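Undergrad: Got a structure here, written out as structure tokens. Questions coming.
Readers should treat all values here as calculations from the given coordinates under stated rules, not as data from a laboratory. The shown structure was predicted, so the numbers you read here are calculated from the model rather than taken from an experiment. Please note: Cβ atoms are built from the backbone with ideal geometry, for glycine as well, and neighbour counts cover all protein chains shown.
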Amino acid sequence: MSLEKIYSFIDAHASAFIGDLVKLVRQPSVSAKGEGIEDCATLVEDMMREIGLSTKILRGERGHPVVYGEIKSKKTAKTLLFYNHYDVQPPEPLEEWKYGPFSGEIADGKVYGRGAVDNKGNLVSRLKAVQAYMKTVGEVPVNVKFVVDGEEEIGSPNLEPIVKKYRQLFSADAAIWEFGGTDRHERPNLYLGLKGVLSVELRAKCALKDVHSANAPLIPNAAWRLVWALNTLKDENEKILIEGLYDNVLPPTSEEIECLKNIPSEEEALKKELGLKQFLKGLSGVEALKALLFQPTCTINGLQSGYTGRGSKTVLPREAMAKLDFRLVPNQKPDEIFEKLVKHLRARGFGDIEIIRYGSTEPVKTPISDPFVSLVAKTAEKVYGKKAVIYPLSAGSGPMHLFRNLLGYPVVSAGCGHPESNNHAPNENLKIESFIKGVKFVAALISDFAS
Ligand SMILES: [Zn+2]
């Protein structure tokens, strides 16, 4: 089947597609605060129905709903599944946005707003590819399924029971993951796996109330208590000091190292963009990529205690809080790392520090040798006119392990972002040109997967 008809449909309807994306961006859906979730799920379901998908809202015992959609092919039993999410990261700090984070403003050929790329842009690009088939050919050449998560940005804590309960709905021959895009040289980037993540909060609580700092010789200070505890977790050489943390780390295979060598260096551009002279420990080249993709991390995401307003205040804070995340690599497990963290703090005399566990996901990868990987790479090369860059892992995280490890099919991540799309940061934006290319890529992929 020729894709030309489908491509012209996509070009002719580009502004209507953008209009639908803007509508979705304008609907806040911040999972961390539970803001706008149900409304956004309804909007996604409506969008699917309009295209002709049959839909279901899947609910677990707790948490936000998953929007499920599918469309059957008369031609084949083969099924391609798309995993996306409709929830977004909190937009803060608000003062750094050029346009409102939920304005969906269009400027300089881009759509601005939280979720414009991550992940509403990617979701809409896939839905519109299916729509293009329905409106031109009248059917899809393979069965297509959509799983649209409502809690990806908080670690998908409730997806596992839903996947287990609706196992049949989630069955497929292969899946395309939520994210991806082109790099600074317009090369499509594919990701074959994810690091895991474990998010925690540490709380130090001392006196029952804040007191005058004149009492410092007698009253314990929660801010210092927390700083001392944090100081035991990692040293200045980036080595994590939690006992046994590196025990299960799998080093990259020789095939994966070859893959890393093929990844074009974007170091200088990234350093320039971030205003940095060098990366940590002066890392560069394959060594930098090895650290980025195959080393676990321990990151302070935020710290809060005492007075942080204008001027000074001589106060001694009663409470201090830090949010942390650990990025995990094959074969570490979140449960294992959490237990090791608890044991570590207790052993060093910080049994008083409260440890709250938030979301976590396992690390996961699809092998480079899987035939689905070469299929996606060939399609990407055809559509983008440049050889795909293959990352054996992504430094990011998500619930991919439920699909790859539990359900057992290959998963590749590819999407329509670009290097300055500012995912998770202020001024998130999607280039309209990349979005339209992304719709065509998904259309071509559906066709190649069918044949
Ligand atoms: Zn995200």
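Undergrad: Can you give the direction-averaged projected area of the convex hull of the alpha-carbon atoms in segment 176-325, in nm²?
TA: The directionally averaged projection comes out at 13.2 nm².
Undergrad: When Lys and Arg each count +1 and Asp and Glu each count -1, what net charge do the other residues less than 14 Å away from Val142, Cβ to Cβ, add up to?
TA: For residues surrounding Val142, the net value is +2.
Undergrad: Take each of the peptides 141-147, 89-95, 28-34, average the number of other beta-carbon atoms within 10 Å over its residues, and list them starting from the highest.
TA: Put in order of decreasing packing, that is 141-147, 28-34, 89-95.
Undergrad: Cα-based Rg (one decimal) and Dmax (whole number) for segment 288-341, in Å?
TA: Considering segment 288-341 through its Cα atoms, Rg and Dmax are 16.9, 48 Å.
Undergrad: Find how many whole Å separate the alpha carbon centroid of segment 373-451 from the alpha carbon centroid of segment 1-77.
TA: 17
Undergrad: If you don't mind, another one. For every helix of n ≥ 4 consecutive DSSP H residues, a contribution of -39,500 (n - 2.57) applies; sum these over the chain, divide by its total residues, and give [θ] at 222 nm rounded to the nearest 500 deg cm²/dmol.
TA: Helices in the chain give a 222 nm mean residue ellipticity of -10000 deg cm²/dmol.
Undergrad: Quickly rank 112-121, 152-161 as a protection proxy: mean count of other C-beta atoms within 10 Å, highest first.
TA: 112-121, 152-161
Undergrad: After finding the eigenvalues of the alpha carbon gyration tensor for segment 75-191, what semi-axes result from the square roots of 5 times each, listed largest first in whole Å?
TA: Largest first, segment 75-191 gives 28, 20, 13 Å.
Undergrad: Classify the chain as rounded, prolate or oblate, taking a ≥ b ≥ c as the square roots of the eigenvalues of its Cα gyration tensor: rounded when a/c is under 1.5, otherwise prolate if a/b is larger than b/c and oblate if not.
TA: prolate
Undergrad: Using alpha-carbon pairs under 8 Å, 6+ residues apart, how would you state the relative contact order of segment 1-145 in percent?
TA: In percent, rounded to a whole number, it is 32.
Undergrad: Give me the Kirkwood hydrodynamic radius of segment 125-227, using the inverse of the mean 1/r over all pairs of distinct Cα atoms, in Å to one decimal.
TA: 19.6
Undergrad: Taking amide H positions as placed 1.01 Å from N in the peptide plane, with prolines and chain starts having none, which residues 5 or more places from Glu35, or on another chain, fall under 5 Å of its amide H?
TA: The list, which skips near neighbours in sequence, is Val30.
Undergrad: Let me ask something additional. Treating the beta-carbon of each Lys and Arg as +1 and of each Asp and Glu as -1, no other charges, what is the dipole magnitude of the chain about its Cα centre, to the nearest 20 debye?
TA: Rounded to the nearest 20 debye, it is 300 debye.
Undergrad: Using 7 Å Cα-to-Cβ label points, what is the Lys23/Lys135 separation (nm, one decimal)?
TA: 1.2
Undergrad: When the scattering of segment 21-68 is computed by the Debye formula from its Cα atoms alone, each counted once and equally, what is log10 I(q)/I(0) at q = 0.18 Å⁻¹?
TA: Reported log10 I(q)/I(0), two decimals: -0.57.
Undergrad: Quickly work out the Val342-to-Glu354 label distance, labels modelled 7 Å from Cα along the C-beta direction, and quote it in nm with one decimal.
TA: 1.6
Undergrad: Set the Förster distance to 41 Å, then compute FRET efficiency between Arg62 and Ala16 from the Cβ-Cβ distance, nearest 0.05.
TA: 0.65
Undergrad: If each residue of separation counts as 0.36 nm, what is the full-extension length gain between Thr253 and Asp235 once their alpha-carbon separation is subtracted?
TA: 3.7 nm
Undergrad: Stretch Lys277-Ser265 to full length: gain in nm at 0.36 nm per residue minus the Cα-Cα span?
TA: Using 0.36 nm per residue and subtracting the Cα-Cα distance, I get 2.7 nm.
Undergrad: Points 7 angstrom from Cα along the Cβ direction at Glu92 and Ala32: gap in nanometres?
TA: Rounded to a tenth, the inter-label distance reads 0.7 nm.
Undergrad: Once segment 312-434 is represented by equal point scatterers at the alpha-carbon sites, with solvent omitted, what log10 I(q)/I(0) does the Debye formula produce at q = 0.09, 0.15, 0.18 Å⁻¹?
TA: -0.45, -0.93, -1.13
Undergrad: Same structure again: Can you tell me the relative contact order of segment 73-135? Whole percent, Cα pairs under 8 Å, sequence separation 6 or more.
TA: 32
Undergrad: In whole Å, what is the distance between the alpha-carbon centres of segment 208-246 and segment 78-142?
TA: So the separation of the two Cα centres works out to 42 Å.
Undergrad: Let me ask you something else. Give me a comma-separated list of calculated 3J(HN,Hα) values for segment 200-215, in order, Karplus coefficients 6.51, -1.76, 1.60 applied at θ = phi - 60°, integers in Hz, x for any Gly or Pro.
TA: 9, 10, 10, 10, 9, 10, 10, 6, 6, 8, 5, 10, 4, 5, 4, 7
Undergrad: Just want to confirm a number: the relative contact order over the chain, from Cα pairs under 8 angstrom separated by 6+ residues, in percent.
TA: It comes to 26 percent, rounded to a whole number.
Undergrad: Under the Kirkwood approximation for Rh and a Cα-based Rg, what ratio Rg/Rh is obtained for segment 187-254?
TA: 1.20
Undergrad: Once the piece of chain linking Val315 and Ala450 is laid out straight, how much longer is it, given 0.36 nm per residue of separation minus the C-alpha distance between them?
TA: Computed gain between Val315 and Ala450 is 41.9 nm.
Undergrad: If you count, for each residue, the other Cβ atoms within 10 Å and average over each peptide, how do 48-57, 424-433 line up from highest to lowest?
TA: Descending mean neighbour count gives 424-433, 48-57.
Undergrad: Using θ = phi - 60° and the Karplus curve 6.51 cos²θ - 1.76 cosθ + 1.60, what whole-Hz ³J(HN,Hα) does each residue of segment 216-227 get, with Gly and Pro shown as x?
TA: 3, x, 10, 9, x, 9, 4, 5, 5, 4, 5, 4
Undergrad: R0 = 41 Å: FRET efficiency of Lys78 with Glu186, Cβ-based, nearest 0.05?
TA: FRET efficiency, Lys78 to Glu186: 0.85.
Undergrad: If you don't mind, another one. For every other residue with a beta carbon closer than 14 angstrom to the beta carbon of Phe170, add +1 if it is Lys or Arg and -1 if Asp or Glu, then tell me the sum.
TA: +2
Undergrad: If the label point is 7 Å along Cα→Cβ of Ala207, which residues in segment 310-345 have backbone nitrogen under 14 Å from it?
TA: Of the residues in segment 310-345, 314-320 have backbone N under 14 Å from the label point off Ala207.
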